[in-house]
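Inspection log for the structure reproduced underneath, given as structure tokens.
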Amino acid sequence: MKATEAAALPVRPGEDPWTPEELAQVRNQLQSEIAAQREELRESEDELADRLTDPVEGAGDDPADVGAKTFQREHDLALAYNTRDLLAKSERAIEQMDAGTYGVCDSCGQAIGKARLQAFPRATLCVTCKQREERR
């Protein structure tokens, strides 16, 4: 991203504009996380597929074993769902960078804040809107 494009991203009053280096650092962090999340998803989906296709898996188990395996499978599915959600949010952040809309609050349309985005690059709400959401 060019210096003029990075500097055009929204910031809160009192914050310095984005520099291309700062934005590149956030982008690299997101891209690393995306690669790790994709690998994690692939591994968990492979494990789940292996368990579901094993014909002798669970044969002769007592009810406690069946319950424990069901709990573990639901836990694994929940983790995979969470990873998919984080992956989608990371990919959306990269898309917003490319579109020049990175850092705009989804709720109020104001700047999220550069410091917040550097700490949590997938943030989609400014601090005020996030606090309002959490109170509900």
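Ordering 29-35, 128-134 by mean Cβ neighbour count within 10 Å, with the highest value first, yields 29-35, 128-134.
How big is the dipole moment of the chain about its Cα centre under a simple scheme where the beta carbon of each Lys and Arg is +1, that of each Asp and Glu is -1, and everything else is neutral? Debye, nearest 20, please. Before the final figure, lay out each step's value.
On the way: 18 positive and 27 negative charges, 222 e Å.
Rounded to the nearest 20 debye, it is 1060 debye.
The mean sequence separation of alpha-carbon pairs under 8 Å and at least six residues apart, normalised by the residue count of the chain, gives a relative contact order of 31 percent.
For the options R122, R84, R51, a Gaussian network treatment of the chain with springs between C-alpha atoms closer than 10 Å singles out R51 as fluctuating the most.
Give the calculated FRET efficiency between E133 and R38 to the nearest 0.05, with a Förster radius of 35 Å applied to their Cβ-Cβ distance.
Details: r = 28 Å, r/R0 = 0.80.
With R0 = 35 Å, the Cβ-Cβ based efficiency is 0.80.
Take every Cα pair under 8 Å in region 85-130 that's 6+ residues apart, average their separations, divide by the length, and report that relative contact order as a whole percent. Working shown, then result.
Values: 39 pairs, mean separation 15.8, N = 46.
Computed over region 85-130, the figure is 34 percent.
When peptides 108-115, 42-49 are ranked by their average number of other Cβ atoms within 10 Å per residue, the highest-first order is 108-115, 42-49.
The sum of -39500 (n - 2.57) across all DSSP H runs of n ≥ 4, divided by the residue count of the chain, sets its helix-only mean residue ellipticity at 222 nm to -22500 deg cm²/dmol. Return the label of the correct value of semi-axes √(5λ) of the Cα gyration tensor in Å, as calculated from the structure shown, out of [x] 23, 18, 14; [y] 20, 18, 17; [z] 41, 18, 9. Checked against the structure: label [z]. Proximity of backbone amide H atoms, modeled 1.01 Å from N, is registered between R12 and G113, K114 at under 5 Å, excluding neighbours fewer than 5 places apart on the same chain.
Once amide H atoms are built 1.01 Å from N in the peptide plane, which residues 5 or more positions from V104, or in another chain, come under 5 Å H to H? Residues meeting the amide H criterion: I112.
Values in this text are rule-based calculations from the coordinates and carry no lab data. These figures come from a predicted structure and were not determined experimentally. We place every Cβ from the backbone using ideal geometry, glycine too, and count neighbours over all the protein chains shown.
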